[in-house]
Amino acid sequence: MKLLDLTLDSPAENVALDEALLEAAEAGERPDEVLRLWESPQSMVVVGRSSKIAEEVDAERCRQAGVPIIRRASGGAAVVAGPGCLMYAVVLRYSGREHLRLLDEMHRHVLGIVRAAVAPLASGVEHVAICDLAIGGRKFSGNAVRCKRDHFLYHGTLLYDSDVAMIERLLRMPPRQPDYRRGRSHASFLMNIPISAAKLRAAVCQGFGAHEPLVDWPKDRTAGLVASRHSQNAWNLER
């Protein structure tokens, strides 16, 4: 598997690149399995494809704090990305593992890899609910999926030194909650996994067997998605 450890200049570009990697694999333009790691130097709210911003985000606080709201192509609820939150994205093919077309199997497969990768560095890591990773009932990783015909994109957050108080300020209580949350606030529910950035990156790369750098990443596809979607209020704020 190829490795793309790359953070681009803007929030829109960073969100677009995950989707561009999936589209490029589906079109046969790039290696069809790749792990991307990135960490935004500025805070941003990333909402799911079907998220209703008024229900999940305090848009006025985001505006006051200068925090952009960007909509991704995958499902799931709103997250806050930024310093202390390692973002990972993996594009995988279905061929040879057709069982991954079942969403439960997909979650089990990918999160099993991530869990096994970080478990030696932080005890008690569990795959809980549909697609969370947690320790002692407190979540440090949320994940989402975008599926195509031959490939899928699985991406998520890994909180290790994130400003949980900021997450509390910018996000509302989600309209849909897993049972294990038990109505807790973001500040009470979320945690940072006690692993350094360098060790976390190394563990995730080792888990996926991603070591060879991907040099030729899909620049044109990324720019096209930024222009048509992720820089446009009509896309980002449509709901």
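Quick note: the coordinates plus some simple rules give every number you see, no bench work behind them. Fair warning: this is a prediction, and the values are worked out from it, not measured in the lab. Here the Cβ is made from the backbone with ideal geometry for all residues, glycine too, and neighbour counts use every protein chain on show.
Quick notes on this structure:
- Modelled this way, with points 7 Å down the Cα-to-C-beta line, the labels at HIS109 and ARG172 are 3.6 nm from one another.
- Given LYS148/LYS199; LYS52/LYS139; LYS2/LYS52; LYS2/LYS199, the pairs whose alpha carbons are separated by over 26 Å: LYS148/LYS199; LYS2/LYS52
- For the range 11-98, fraction of C-alpha pairs farther apart than 14 Å, in %: 67 percent
- Placing dummy labels 7 Å off each Cα toward the beta-carbon, the span from ALA129 to ALA165 is 2.4 nm.
- Sorting the segments 211-224, 2-15 by their residues' average number of neighbouring beta-carbon atoms within 10 angstrom, most packed first, yields 2-15, 211-224.
- Computed over the range 2-236, Cα set: Rg, Dmax in Å: 16.6, 49
- In the chain, helices alone account for a calculated mean residue ellipticity at 222 nm of -9000 deg cm²/dmol, with every DSSP H run of four or more residues adding -39,500 (n - 2.57).
- The order of the peptides 187-199, 110-122 by mean Cβ neighbours within 10 Å, most packed first, is 110-122, 187-199.
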